[in-house]
Amino acid sequence: MTDDILLVARADGIATVTLNRPASLNALTRELRARIATAFRELDADGSTRVAILTGAGRAFCAGIDLKELGSGESQVGAPRDPAFDPTAAMAAFRGPVIGAINGAAVTGGFELALGCDLLIASPTARFADTHGRVGVHPAWGLSQRLSRLIGIGRAKEMSLTGNFVDAATAERWGLVNRVVDADQLLPTCQRLAADMLSLEPDMLVSYKRLIDEGYALSFAKAMALEARVAVEYNAAVSPEAVEARRRAVLDRGRQQTG
């Protein structure tokens, strides 16, 4: 393991982004926040990376904003949406899916970082907490809005208004994480999911993710209208021959997966 605070490994269209401050539980300094934001902007610009996996080194995913730096005045509480230091905005602008490999605690700002992913896979040691109310600083990367939409307003209020930890099994039951897998299978599971995503039609991977995200932010009626408009525009360019070839490939894959 190098001393670099952020590691980015790219292979076969997949980038694995690792927060690398294990001694500090991958707490987010101003520099690390900027590095994450820059990394996702660069991944989006390079064109070869289509899926990203975000994880942490050591026994934590991310302990949140580095409170030692914050308390010293070296890191500003204000200007939370400054794009240079907002990793979640850069993650949202990345056109491909981001899979969170949650290997340990994801707390407050680290929890927000996890919620910035498109889906989460957790190890049994993963746990989640929103301690903004205990620290006395409001969230600014979407936690107060994303969490309730993901697990329901009652459970979100339970987490945010107590600051209590939720373990991996509870997180899976609540729908906060997609699944919990053994620690040694965490990255392999995420890599297999990433490979499955890469097997989609390339344009569809981007456009379908965008359609889901944009529709989720709308009322149901407006989201249905959005889907209809996108379908008409996109599907008009797809030939019947292409659909038939892809249909056969889907059937073959289904047979392989179900035996």
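Quick notes on this one:
- Note on the chain: with a GNM built from Cα contacts shorter than 10 Å, the maximum mean-square fluctuation among 42, 241, 112 falls on 241.
- Degrees separating the helix 202-216 axis from the principal Cα axis of the chain, which is the longest one: 60 degrees
- Taking 46, 82, 203 as the candidate residues, the one with maximal mean-square fluctuation in a Gaussian network model of the chain, Cα springs under 10 Å, is 203.
- Projected-area average for the chain over all orientations - Cα convex hull basis, square nanometres: 15.5 nm²
- Estimated FRET transfer efficiency (residue 226, residue 45; beta-carbon r; R0 25 Å; 0.05): 0.40
- Where only C-alpha atoms are counted, convex hull volume of the range 202-258 per residue in Å³: 105 Å³
- Most mobile of 164, 103, 20 in a GNM of the chain (Cα contacts under 10 Å): 164
- One Cα centroid belongs to the range 182-259, the other to the range 20-58; the line between them spans 26 Å.
- Put in line by how crowded their Cβ is, counting other Cβ atoms within 10 Å and starting with the fewest, 167, 12 read 12, 167.
- DSSP bridge orientation in the chain - percent antiparallel, rounded to nearest 5: 25 percent
- Amide H contacts of residue 127 (H built 1.01 Å from N, under 5 Å, at least 5 apart or other chain): 104, 105, 106
- Take the Cα of residue 23, step 7 Å toward its Cβ, do the same at residue 144, and the gap between the two points is 3.6 nm.
- Under-5 Å amide H pairs with residue 54, H placed in peptide plane, nonlocal only: 17, 99, 100, 101
- Modelled spin labels at residue 201 and residue 213, positioned 7 Å past Cα toward Cβ, are 2.1 nm from each other.
- Top positive-direction residue, dipole computed over the chain with Cβ charges, set 16, 43, 219: 219
- Here's how it looks for residue 29: its modeled amide H is under 5 Å from those of 66, which are all 5 or more places away or on a different chain.
- Taking one quarter of the surface of the C-alpha convex hull of the range 99-237 gives a mean projected area of 9.2 nm².
- Here the dipole of the range 137-178 is about 160 debye; that uses its Cα centre as origin and unit charges on the Cβ of Lys and Arg (positive) and Asp and Glu (negative).
- Counted charge near residue 172, where neighbours are those whose Cβ lies closer than 14 Å (Asp, Glu -1; Lys, Arg +1): +2
- Sorting 190, 117 from the fewest to the most surrounding beta carbons within 10 angstrom yields 117, 190.
- The distance between label points at residue 84 and residue 31 comes to 1.6 nm (points 7 Å beyond Cα on the Cα→Cβ vector).
Every read-out reported here was derived from the displayed coordinates using simple, explicitly stated rules and does not represent laboratory data. All values derive from a computational prediction rather than experimental measurement. In this analysis, Cβ positions are derived from the backbone assuming ideal geometry, glycine residues included, and neighbour counts consider all displayed protein chains.
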